[in-house]
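To start, the structure itself, in C-alpha cells.
The values are calculated or read from the model by the stated rules, or taken from the named source; none is laboratory data. On a predicted model such as this, the values are computed, not experimentally measured, just so you know. When we count neighbours, we look across all protein chains shown, and the Cβ atoms used for this are built from the backbone with ideal geometry, even at glycine. Please note that ligands, DNA and RNA were not included when accessible areas were found on the heavy atoms of the full protein model with its side chains. Shrake-Rupley method; radii C 1.70, N 1.55, O 1.52, S 1.80 Å.
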Amino acid sequence: MAIDVPPGGTRGARSAPSGLVGRMLMGAARRFHRLTGSKMDGRPLLYLTTVGAKSGQPRTAVVLPFGDGDDAWLIVASKGGAASNPAWLHNIAAHPDQIEIEVEGRRTAVTARTLTGEERAAAWQRITTERPAFAEYETKTDRQIPVVRLTAR
C-alpha cells in the first residue's frame, strides 16, 4: 500500500495549533465526542491512531469517515483547507504498518492507500456531495487535498 504525501501549498486557511497546545485541544475534542456518542451531525466519527513520524509516540486524530464498502473507509487530509497536510498523513506514511482506527466502538488495524487519478476524482465528487464543506476547503488552498482509503487488515 502506498501513502503519497503531496507537497504543501503556498496558500491556505489558518490551521489549528500544533504541538502541545494542539494535542491538548485534540484530547479535549476526543473526550467531548466520546461523551456525545462519537458522532457529528448524526454521522459516526473515526478515531485514527498512528505513530508520530518524528516523536515515535502514539497520536490519535478525530476525522469524519466516508464508508467505502465492507471494512473500508475514506478519510480526507483537508486540515480545513490549510496550506500544509495534517500530521496524521505524515504519520501513516512514516509508519504504514502501525495504523489503528476506532469506528462506532470497534477497533481494527488498517492499511492505508492514497487515492489518485480517476479513483480520487470519483471519491472526491462523492465526498463533496455528501459534505459540501470539503469543497470549500479546496477553494482555500492551492494544494490537492489527499483522500486516503483505509482497509481493515
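Observations
- Solvent-accessible area per residue for the chain (1.4 angstrom probe, square angstrom): 54 Å²
- Peptides 110-121, 3-14 ordered by average Cβ neighbours within 10 Å, highest first: 110-121, 3-14
- Largest to smallest accessible area among 68, 41 [probe 1.4 Å]: 41, 68
- For the chain, relative contact order (Cα pairs under 8 Å, six or more residues apart, normalised by length) works out to 34 percent.
- Highest-first arrangement of 74-80, 123-129, where packing means the average Cβ count within 10 Å: 74-80, 123-129
- Helix-derived mean residue ellipticity, 222 nm - over the chain, DSSP H n ≥ 4, -39500 (n - 2.57), to 500: -9500 deg cm²/dmol
- Element breakdown for the chain at a 1.4 angstrom probe: carbon and sulfur atoms account for 53% of the accessible area.
- Restricting the calculation to alpha carbons of region 71-153 gives Rg and Dmax of 13.0, 36 angstrom.
- Dipole magnitude of the chain, debye to nearest 20 (Cβ charges: Lys/Arg +1, Asp/Glu -1, about Cα centre): 620 debye
- Anchor residue 140: lysines whose Cα lies under 19 Å away (excluding residues fewer than 8 positions away in-chain): 79
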